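Reading through the structure tokens given below for one structure.
Just so it is clear, none of the values below were taken in a lab; they were calculated from the coordinates. Please read all numbers here as calculations on a predicted model, not as lab measurements.
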Amino acid sequence: MIKAVLFDLDGTLLINDLDLFMKNYFSLLREDFKKIGDEKELFKNLNIAIEKMLLNKGPKTNYEVFWDEFTKLTGKDRKNMEEFFNNFYSQKFPLLKDLSQARTNFYAKEVIERSFELGLKVVIATNAVFPIIAIEERLRWGGLQNYPYDLITSMEKMHSCKPNVEYYKEILEKINVPPERAIMVGNDIKEDLSASKLGILTFLYNHENIFLNNIEYKPDFIGTLKDFFEILPLLAK
């Protein structure tokens with residue numbers, strides 16, 4: 001039935017406190033901004049560039065859209081700023097593992113390994129707003145880095161973001177799988193379940209058994225990663 005599994009990262013494979021993550025992420029970044037200029041102005045322009053990237057639908061990559069906007073707003077040299085961000089992601093970003101209490105989700109490794117055992121294509125379908133260096137770091141936080149993923153979506157590779165349907169179209173094109181042969185596994189009703197607009201099956205990770213009503217997208221399946229682990233062989237037949 002299915003040929004590919006698309007896994008969301010934060011809140012699905014990786015459990016972390018998103019509020020703590022974002023609060024500390026921006027706090028660390030602002031501290032480094034102080035070294036190169038007016039941190040308030042840089043932070044404001046950073047958010048504007050991120051918003052522009054979130055609206056991207058191509059033809060430029062998210063990376064190009066972000067940098068075109070950010071350098072235009074700040075007047076900063078792109079090469080110098082790329083080096084600044086690379087240093088931040090290699091030196092400061094790893095601190096967020098403890099600051100956001102990040103840990104691998106129960107059954108995350110098992111569902112990934114079972115997917116590969118069943119011969120499925122496996123995609124880390126995290127929102128493409130971070131560079132690959134940051135996504136690989138977050139995979140390390142969960143011990144999920146050493147797998148032969150068919151695709152890890154990042155701002156360098158993708159031309160749109162969740163919940164845009166173009167994001168999912170591009171994934172399917174890159175892995176050469178039709179929508180009806182793929183399933184998206186995630187915890188966000190808007191960002192992850194929007195994949196259903198293409199005909200992609202959806203599994204909502206809902207460990208709290210929240211009763212869902214009056215939502216825009218209805219998941220095909222709902223449960224824990226253990227539940228997904230158990231039904232995966234049936235979906236792959």
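Would you please calculate the Kirkwood hydrodynamic radius of the range 132-216 over all C-alpha pairs and express it in Å, rounded to one decimal? This gives a value of 14.2 Å.
Estimated from helices alone, the mean residue ellipticity of the chain at 222 nm is -13500 deg cm²/dmol (sum of -39500 (n - 2.57) over DSSP H runs with n ≥ 4, per residue).
If I take every Cα pair under 8 Å that is 6 or more residues apart in the range 19-99, average their sequence separation and divide by the length, what percent do I get for the relative contact order? That works out to 34 percent. Projected onto planes of every orientation and averaged, the convex hull of the alpha-carbon atoms in the range 19-99 covers 5.6 nm². Take the Cα radius of gyration of the range 96-135 and divide it by 2.2 N^0.38 Å, with N its residue count; two decimals is plenty. Against the empirical 2.2 N^0.38 Å value, I get 1.45 for the range 96-135.
Quick one: compute the contact order of the chain, relative version, from alpha carbon pairs under 8 angstrom and 6+ residues apart, as a percent.
Relative contact order comes out at 28 percent.
Ranked from largest, the principal axis spans of the Cα set of the range 1-63 equal 54, 33, 15 Å.
On the principal axes of its alpha carbon atoms, the range 1-141 extends 51, 37, 22 Å, with the longest extent given first.
From the cross-link list K72/K162; K169/K218; K34/K97; K60/K226, which pairs have alpha carbons spaced over 29 Å apart? Violating the 29 Å limit, Cα to Cα: K60/K226.
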